[in-house]
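Participant: First the structure, which I've put down as structure tokens, then a few questions once you've had a look.
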Amino acid sequence: PNVTAVSIATPDFAHLAPALQLIAAGKHVLCEKPLATTLEDARRIHLAAQKANITLMVDFHNRFNPACLETKRRLERLGRPIYGSICLSNTFSVPGSMLSWASKSGPQWFLLPHIVDLARWYAGAEPAAVSAVRHDGLLKKRGIDAADSIQALLDFDGCCILVESSWILPESWPSVIEFEGKIVCENGRVGFSLHNQGVTVNTQAECQYPFTGGSYDVAGQTTGFFHLPINHFIDCIARGRQPLTTGRDGLMTTMIIEAALRSAAEQRRVALDELMHPTDLEIEKIEEDQGMFE
């Protein structure tokens, strides 16, 4: 009873059960991205939180990343966005040695949610349609049942933003991430490049770009954009405010990625309207969830 809020940091595919249990217990929830790896699960979590009147925040921490945040602020002065691209990828080491559950996820769930959310945020809208392609085979040869890469063109009716993620960068890449983006507007261009965060380390054998901005200690205090959204969530709970990234943001991001996967599989442009309404089976499960609160 003395627990007010809980953070869910289970693997990508394992958010549904703890989320529904915590919501049923009346706890506010901070959920790591993605909200869920299926649209059905994301819809169930989002609607359960609404029914229970609890705060659900999805941790899209790049909205707290200084370079990404400054990009958003600059965009607001440059007129209507016309086109852009955002890339976030990892080296082979992430699925190969960092994640024991890589075969239950993929770059489309581990990485793409970050930049789909940024694309939505930068465009200030939801895409009308998605066109996507994916590549499979290299990771499967290494015994990892996951996509190598995915590229999706998000059509925001007058603004198109390409988002792409992969898990197959060579080990010689000097950072664990490749992360850069640009948006071209009516009155200018703004972009960021974050794989090199300002520090370069060279040894006789290699060159490295350390990941410095997410978390670091200064005079006994821990800060960085990994910690800022957690502090923001706690502050919102204490003050009774809505967080910057809500359950709806999580739902829409999962919906867009599911549209991208459908587009890649069926080799066609997928309108987001096709996924807006739950199926009969989803409705049954949602109604069962709602029964927890009767």
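Participant: Taking into account only those residues within region 150-166 that are among the small types (G, A, S) and open to solvent by less than 30 Å² (accessible area, probe 1.4 Å), which is farthest from A271 (Cα to Cα)?
Facilitator: Ranking the qualifying residues of region 150-166, first place goes to S166.
Participant: For region 128-142, how many residues meet the condition of being surrounded by 19 or more Cβ atoms within 10 Å (Cβ to Cβ), under 16 Å from S89 (Cβ atoms) and of a type outside the set (D, E, K, R)?
Facilitator: 2
Participant: Six or more apart or on different chains, Cβ atoms under 6 Å: show the pairs whose first residue is in region 241-254 and touching a residue at least 24 places away in the same chain (Cβ under 8 Å) and whose second is basic (K, R) and not in a helix (DSSP H, G or I).
Facilitator: Within 6 Å, no pair qualifies.
Participant: Let me ask you something else. So which residues in region 1-22 are out of contact with any Lys or Arg (no Cβ under 8 Å at 6 or more places or on another chain) and either assigned to a strand (DSSP E or B) or among the hydrophobic types (A, V, I, L, M, F, W, C) (or both), if there are any at all?
Facilitator: If the condition is that a residue be out of contact with any Lys or Arg (no Cβ under 8 Å at 6 or more places or on another chain) and either assigned to a strand (DSSP E or B) or among the hydrophobic types (A, V, I, L, M, F, W, C) (or both), then S7, I8, A9, A14, A17, A19, L22 are the ones that fit.
Participant: Taking region 92-113 as the region of interest, how many residues are crowded, with 23+ Cβ neighbours inside 10 Å and either β-branched (V, I, T) or closer than 20 Å to E70 by Cα (or both)?
Facilitator: So the answer is 1.
To keep it simple, each residue is scored yes or no on (1) open to solvent by less than 70 Å² (accessible area, probe 1.4 Å); (2) under 22 Å from the mean Cα position of the chain (by Cα).
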| site | (1), (2) |
| --- | --- |
| S193 | yes, yes |
| A205 | no, no |
| T246 | yes, yes |
| E266 | no, no |
| L275 | yes, yes |
| L281 | no, no |
| K285 | yes, no |
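Participant: Now, a different point. Only one residue in G181, G188 is surrounded by 12 or more Cβ atoms within 10 Å (Cβ to Cβ) and over 21 Å from the mean Cα position of the chain (by Cα). Which one?
Facilitator: G188
Participant: Any residue in region 110-130 that is more than 17 Å from E178 (Cβ to Cβ) sitting within a Cβ distance under 8 Å of a residue that is polar (S, T, N, Q)? List the pairs, counting only those 6 or more apart or interchain.
Facilitator: Correct list of pairs: D117/N62; D117/T245; D117/T253; R120/T253; Y122/T71; V130/S263.
Participant: Just to be sure, is I257 out of contact with any strand residue (DSSP E or B) (no Cβ under 6 Å at 6 or more places or on another chain), open to solvent by less than 90 Å² (accessible area, probe 1.4 Å), modelled with pLDDT under 95 and closer than 28 Å to A125 by Cβ?
Facilitator: Answer is no for this residue.
The values are calculated or read from the model by the stated rules, or taken from the named source; none is laboratory data. Here the structure is a predicted model, which means the values were calculated and not measured. No Cβ is skipped: glycine too gets one built from the backbone with ideal geometry, and neighbour counts run over all protein chains shown. Surface accessibility is based on the protein's heavy atoms, side chains included, excluding ligands, DNA and RNA. Shrake-Rupley method; radii C 1.70, N 1.55, O 1.52, S 1.80 Å.
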